[in-house]
Every structure is written in C-alpha cells, then in structure tokens.
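Data block below; observations after.
The values are calculated or read from the model by the stated rules, or taken from the named source; none is laboratory data. Small disclaimer: the values here were computed from a predicted structure and weren't measured. Ideal geometry is used to build each Cβ from the backbone, glycine not excepted, and the neighbour counts take in all protein chains shown. Each accessible area value is taken on the protein alone, full model and side chains, heavy atoms only, with ligands, DNA and RNA left out. Shrake-Rupley method; radii C 1.70, N 1.55, O 1.52, S 1.80 Å.
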Amino acid sequence: GPGQGFELTLARRVPAGKTPSHIAIDSQSTVAYVTLQDSNEVIAIDLNTQQPLWTLPVGSTPADVFLTRDDKTMLVALTGDSYVEAYDLTAQPPKLIERIKTGAGAHAFRGQGDDRHLFVSNRGANSISRIDLDTLKVTDTFAAPGGPDCMDITADGKQLLVTSRWAGKLTFIDLDTKKVSQQVRVGKSPHGVWTLDHAPMR
C-alpha cells in the first residue's frame, strides 16, 4: 500500500470461460495454464502479454493441472469423472495422449519428489492414485477416507499428508505400508495443506 515501497494495480483482465480454478506455470514462467471448471476447458495465457494463446476442450469439471519438468506434457484432473487426461503440449493445438483411469472425483496433484511419480487425490472414490509419468500408468492406489483433497509430503518422503475435506481432518498416509498412520481433527472443510519442510514438488 501507500508508503510501503510498492503499489499494486490491475494490469489486465483476461477473458476466459466459467470458473477459473487451478493454475500451472511452465518452467520459464512464460505461460500459465488455467482450468475452467464449468466450461470444461483449459486456457493457456502468455504471461508477457497477458493474452490467451489457446483454449482447449477437456473432460468433465477439470480441477488441478500439472506440467512435467520438460514442459512437454500437461496433466488435467477431472473432478467430474474418474480420469486424468494427459496432453502433448508440443502439438498445436495440444493433443490428447492418454486418459488415465484413477478414481471418481480426480481432483488435486502432488509430485512425489522423485521427478517421476505423481499423486492424484480421487475425492469421490476416497483414494489416492500414484501415476508413473514415464508410462502414464497408475502404479499404486491408497485408501484415503473423508474426501481427499490437497496433499503434501514430508521431507523424508515417507508420509503423504492429505486434507480429508468432508471429515474435517488432516490425514497422514505411510507410503511404505500404504496405510493411514494418523488423523488430526482440524476445522470445517479443510482444503490446502503445506509443510515448511517438505519433499521436492516434483
């Protein structure tokens, strides 16, 4: 604010479809990819010009979006379905590579920290799937009660933390045993979770 060294002003409004939701930004901070939940689309926005590059029809109720480290593949979680869709971003327009069946209400992503595996929370199925990014296949499924939403991973890579949205709890899942190790009651409808000391984001 005034006298604090900077002031924020609106640079531009970007026209988009209904209900912008999750955002992924490429490794060079040049393009933002935003899901439009109630339009069943993803929009790509040039961050330098703040102009849309393209809008892509995707599956039902897209939520989280994730880019592989090389910026070549975009994954979209379909909360209105039981799939994650993978798109080739080197094609114009982006081309669907694979529909990965995970579980009802596929919603949020969290990289395992090994630069190869990606977790997706399946809110309706009360499960979490682990996807191998090299093969685009599900390699493991973990029970996650109470409407799993956002996730984080402890720095040692052993515990997956997930908000159990409908249960009002934070759930810990032991990744070795694939079992719930602890639950902590928190406030109503918990959504995001973040630890100060966590595994790498990819």
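Just a few scattered comments:
- Under 5 Å between amide hydrogens, built in the peptide plane, is the criterion, and for Ala125 it picks out Ala104 among residues at least 5 positions away or on other chains.
- Look at the alpha carbon pairs under 8 Å that are at least 6 residues apart: their mean separation over the length of the chain gives a relative contact order of 11 percent.
- Pair Thr19, Gln50: separation of 7 Å Cα→Cβ label points (nm): 2.6
- A protection proxy built from the mean count of other Cβ atoms within 10 Å ranks the segments 99-109, 160-170, most packed first, as 99-109, 160-170.
- Magnitude of the charge dipole, the range 26-86, Cβ model with Lys/Arg +1 and Asp/Glu -1, debye to 20: 100
- Lysine pairs in the range 123-192 whose alpha-carbon atoms fall under 25 angstrom of each other, counting only those eight or more residues apart or on distinct chains, come to 10.
- Working from the Cα coordinates of the chain, the gyration tensor eigenvalues give, after taking √(5λ), semi-axes of 28, 21, 17 Å in decreasing order.
- For the range 155-189 versus the range 6-49, the spacing of their alpha-carbon centroids is 30 Å.
- Packing here is the average count of other Cβ atoms within 10 Å per residue, and on that basis the peptides 61-69, 184-192, highest first, run 61-69, 184-192.
- Heavy-atom accessible area with a 1.4 Å probe sorts Trp194, Trp54, largest first, into Trp194, Trp54.
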